[in-house]
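Q: Before we start, here is the structure in question, set down as structure tokens.
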Amino acid sequence: MENGYFQIYTGNGKGKTTAALGLAMRAAGAGLKVYIGQFIKSMEYHEIGILRERFPEVTVDLFGIKGCIAGRDPDLTDIQAAWEGYEKSKAALMSRKYDVVILDEFFIATHFGLITREQAVNLADCRTPGTELIMTGRFAPDYLLDKADLITEMKEVRHYYATQGVEARDGIER
Ligand code: ATP
Ligand code: MG
């Protein structure tokens, strides 16, 4: 690609990660090379296995530790995982190997202070001109929103978890 842009999918409604994955599939279909770095999550959701098996043009790395970060203080292992994510994402953005770089749940990492503002800005700024960057997650910080070329906010209008207590289902939420 001649020109890549910086996209953000944020907000409290469902659809941020799945939108990014849809874009990854479209890009792969067009012959583009895609890098996906998932922050926070260590559990392989169902999209990961199928990407690795059937989409050789898509590279996926997970930068999370076991267990959920919500409801506890981040510890050293969380920080180490996020730092690895920072280094690998930076390498992917600068390598010219990828046309599209997706950093999923990136804003959860900034929200919990696992990635510093300086690191986040550095990632947004270091990509080669032909690389499209997509960051997703709740709580996109203003200093990254200011830099984005495209921002989509997923807004929860109704969610069956809230109204009916429907828990995460395989193939739909994970
Ligand atoms: P998805 O992965 O389904 O596209 P997402 O990336 O927009 O969702 P996250 O904020 O990453 O959502 O949420 C993590 C998990 O919570 C996912 O399993 C997601 O489907 C689910 N989820 C998303 N929005 C809501 C919501 N408003 N209420 C309850 N659960 C939600
Ligand atoms: Mg998500």
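Q: Of all residues in the range 37-58, how many are of a type outside the set (D, E, K, R) and assigned to a helix (DSSP H, G or I)? Quick ask: steps written out before the conclusion?
A: Of the residues in the range 37-58, the ones of a type outside the set (D, E, K, R) are 37-40, 42-43, 45-46, 48-51, 55-56, 58.
With assigned to a helix (DSSP H, G or I) added as a condition, the list becomes 46, 48-51.
The total comes to 5.
Q: Of all residues in the range 1-33, how many are within 12 Å of ligand 1 (Cβ to nearest atom), touching a helix residue (DSSP H, G or I) at 6+ places or on another chain (Cβ under 9 Å) and polar (S, T, N, Q)?
A: Result for the range 1-33: 3.
Q: Okay, moving on. Looking only at residues in the range 125-137 that are more than 16 Å from ligand 1 (Cβ to nearest atom) and not in a loop (DSSP other than H, G, I, E, B), which one is farthest from Val34 (Cα to Cα)? Break it down stepwise before answering.
A: Initially, the range 125-137 is screened for residues more than 16 Å from ligand 1 (Cβ to nearest atom), giving 125-133.
Narrowing further to those that are not in a loop (DSSP other than H, G, I, E, B): 125-126, 132-133.
Numbers: Asp125: 18, Cys126: 17, Glu132: 9, Leu133: 10 Å.
Among residues in the range 125-137 that are more than 16 Å from ligand 1 (Cβ to nearest atom) and not in a loop (DSSP other than H, G, I, E, B), the one farthest from Val34 (Cα to Cα) is Asp125.
Q: To continue, here is another question. For Gly22, all conditions in the list (1) within 16 Å of ligand 2 (Cβ to nearest atom); (2) surrounded by 12 or more Cβ atoms within 10 Å (Cβ to Cβ) hold save one; what is the number of the exception?
A: The single condition Gly22 does not satisfy is (2).
Q: Taking only pairs six or more apart or across chains, which ones have beta-carbon atoms under 6 Å, a first residue in the range 154-171 that is in a loop (DSSP other than H, G, I, E, B), and a second residue that is within 6 Å of ligand 1 (Cβ to nearest atom)?
A: Met154/Gly13; Met154/Gly15; Met154/Lys16; Lys155/Gly13; Glu156/Asn12; Glu156/Gly13; Ala168/Arg174
Q: Shifting gears a bit: I need the full set of residues from the range 124-136 which are surrounded by fewer than 24 Cβ atoms within 10 Å (Cβ to Cβ) and touching a Leu at 6+ places or on another chain (Cβ under 9 Å), in order please.
A: Going residue by residue through the range 124-136, those that are surrounded by fewer than 24 Cβ atoms within 10 Å (Cβ to Cβ) are 124-130, 132.
The answer is Ala124, Cys126, Arg127, Thr128, Glu132.
Q: Continuing with the same structure: Given the conditions (1) more than 13 Å from ligand 2 (Cβ to nearest atom); (2) surrounded by 14 or more Cβ atoms within 10 Å (Cβ to Cβ), which single one is not true for Gly49?
A: The single condition Gly49 does not satisfy is (2).
Q: Let me ask something else. Report the residue count in the range 33-57 for those that are over 25 Å from Met1 (Cβ atoms) and not hydrophobic (A, V, I, L, M, F, W, C).
A: 7
Q: Being within 14 Å of ligand 1 (Cβ to nearest atom) and modelled with pLDDT under 95 is the requirement here; does Ile36 meet it?
A: no
Q: For the subset of the range 138-153 comprising residues that are part of a loop (DSSP other than H, G, I, E, B) and within 20 Å of Ala27 (Cβ to Cβ), which member is farthest from the chain's Cα centre (by Cα)?
A: To start, the set of residues in the range 138-153 that are part of a loop (DSSP other than H, G, I, E, B) comprises 138-141, 146-149.
If we keep only those that are within 20 Å of Ala27 (Cβ to Cβ) as well, we get 148-149.
On the way: Ala148: 15, Asp149: 16 Å.
Looking at the filtered set, the residue picked out is Asp149.
Q: Answer yes or no as to whether Glu2 is modelled with pLDDT under 95 and either within 13 Å of ligand 2 (Cβ to nearest atom) or within 15 Å of Glu105 (Cβ to Cβ) (or both). Show your work before the answer.
A: Working: modelled with pLDDT under 95: yes; either within 13 Å of ligand 2 (Cβ to nearest atom) or within 15 Å of Glu105 (Cβ to Cβ) (or both): no.
No.
The values are calculated or read from the model by the stated rules, or taken from the named source; none is laboratory data. Since we're looking at a predicted model, the values are computed, not measured. We place every Cβ from the backbone using ideal geometry, glycine too, and count neighbours over all the protein chains shown.
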